[in-house]
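Take a look at the structure set out below.
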Amino acid sequence: MCEKIRRILVGLTRKDALMRIKTYSVSEINRYINRLLEGDPILNALSVRGEISNFKLHSSGHAYFNLKDETGKIPCVMFKSSFDHVLFSPTEGSSVIARGHITVYEREGRYQLLIHSLEEEGAGDLHMRFLKLKETLKTEGYFEESRKQPIENVTRVGVVTSATGAALQDFLSVLRRRNPMVEVVVYPSAVQGSDAPYSIAEGIVYFNKKKSVDAIVITRGGGSIEELWAFNERVVADAIFDSRLPVMSAVGHEVDFTIADFVADRRAPTPTAAAELISESKATLKRQLDEAKNTLGKSLKSRLNEAKLNLSIHQPQRLGRALTNHINQLKLSLDNDYDRHVQKMTNRLVDARRDVESIAGTLRYQNPNSVLEKGYAIIKDHHKVIDTIESLSLNKIVTVVMKDGHRQAKVVKEESDE
């Protein structure tokens, strides 16, 4: 009897507990899990080694890919503000070390690694050499803006690059289109390998001795940190620093940064961009800069006032984390919406092309000339088609049209079908 009473009481306790469980929405659960992950000390500061797969650089500048090893993978996202500082060009199969933290994309309820920095595995020693030389040159004043010369009113430009590389062709193509009056003098140089740093420096010295150009552009296409290393050597930095002519560095892609970029009087993110900047007038650049400065100043002032107001109401730490998370969610949503609209427009174009092809087929089938291709002929009396035997009287002159031309004919005999 006591055992029976005990079971009844246990059943009632469990039922009361179930009735007290709160019901949450899907979004609330995803936000709760995200807060748990962001509060974890290990998941909030990770360094992950892996191989890149399914790499996609979105038009927004954000990078999406997976990091994988022999038995698993992690979806990753790297926003443009961080990806712009990557010192190499990530590709499918690249072995990398990624640093960031785990977060939840609340819209889809999946976790991902939000990456803040990315480097090639095995390129760590080169990167340390890069940072060491960069710090040394900065201390010696190589990067001071006060020593840099303006690049303006260029009518003749000297280009130090490979004479057979794609970078030179891209540069020349854009320059001819924007301003064909700018004359180009090319100094053929190695841009990769142990001799490349000295070859590049000799090209800069050559143009300074000749004094035959208004500015110098050193350039090459993109590549890994090893392939771009010639532009990270001190001999190149010294040649740029000592140049009496202004020097523009246009090395690799937009995400590639070299020592030459920091020492040069101006950096162009790509060879194509260098041609655009060389051919643009000072007045245009100054106007664009003033407009951007005014817009940025107003925007920053407005955001600063809004932030001050929010900080006075909320706890700074919680507010900062909430704002960062909200911005990240918006970035991801914008990329997904963009991809969906692009696919929708592509499908519409395919449907329209199919309709046009169907109409063209119908027109070809109904074309009277298609009958002639089958071996038939059309008989005309002047421009009128004869379609009955009664219209063909004896001695009547008619025109017989066939697929390869026409002839006149005369009815010489009448025969009955009987």
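What the table below lists for this structure:
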{"quantity": "Qualifying lysines (Cα of each under 28 Å from Cα of Lys210; at least 8 residues distant if same chain)", "calculated": "Lys148, Lys282"}
{"quantity": "Ordering of 23-35, 84-96 by burial proxy (mean other Cβ atoms within 10 Å per residue, highest first)", "calculated": "84-96, 23-35"}
{"quantity": "MRE, 222 nm, helices only [DSSP H, n ≥ 4, -39500 (n - 2.57), over the chain, to nearest 500]", "calculated": "-15000 deg cm²/dmol"}
{"quantity": "Whole-angstrom Cα spans of the range 24-112 along principal axes, big to small", "calculated": "43, 29, 22"}
{"quantity": "Principal-axis tilt of helix 196-210 within the chain, Cα atoms, nearest 10 degrees", "calculated": "80 degrees"}
{"quantity": "Trypsin sites (Lys or Arg not before Pro) within the range 49-126: DSSP coil, no more than 16 neighbouring Cβ in 10 Å", "calculated": "Arg107"}
{"quantity": "Sequence ranges 384-395, 257-268, 170-181, ranked by mean other-Cβ count within 10 angstrom, highest first", "calculated": "257-268, 170-181, 384-395"}
{"quantity": "Helix 26-39 axis, angle to the chain major axis (alpha carbon atoms, nearest 10°)", "calculated": "40 degrees"}
{"quantity": "Cross-link partners of Lys374 among lysines (Cα-Cα below 19 Å; sequence separation of 8 or more within a chain)", "calculated": "Lys403"}
{"quantity": "Burial ordering of His127, His326, fewest other beta-carbon atoms within 10 Å first", "calculated": "His326, His127"}
{"quantity": "Sequence-separation-based contact order of the range 217-282, relative, with Cα cut under 8 Å and 6+ spacing, percent", "calculated": "35 percent"}
{"quantity": "Efficiency of FRET from Cβ geometry, Ile33 and Ser59, R₀ 35 Å, rounded to 0.05", "calculated": "0.70"}
{"quantity": "The range 26-126 - percent relative contact order, Cα under 8 Å, separation 6 or more", "calculated": "30 percent"}
{"quantity": "Long-range HN-HN contacts of Asp214 with modeled amide H, under 5 Å", "calculated": "Thr155, Arg156, Val157, Gly158"}
{"quantity": "Across Lys138/Lys293; Lys384/Lys410; Lys80/Lys138; Lys298/Lys331, pairs whose alpha-carbon gap is larger than 19 Å", "calculated": "Lys138/Lys293; Lys80/Lys138; Lys298/Lys331"}
{"quantity": "Percentage relative contact order, the chain, counting C-alpha pairs under 8 Å, at least six apart", "calculated": "10 percent"}
{"quantity": "Sorted largest first, extent of the range 127-280 alpha carbons per principal axis (Å)", "calculated": "42, 31, 26"}
{"quantity": "Cα gyration tensor shape of the chain, rounded if a/c is under 1.5, else prolate or oblate by comparing a/b with b/c", "calculated": "oblate"}
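Values quoted throughout were computed directly from the atomic coordinates according to the rules given, and no laboratory measurement underlies them. None of the values given here were measured: they were computed from a predicted structure. Note: ideal-geometry Cβ built from the backbone for every residue, glycine included; neighbour counts use all protein chains shown.
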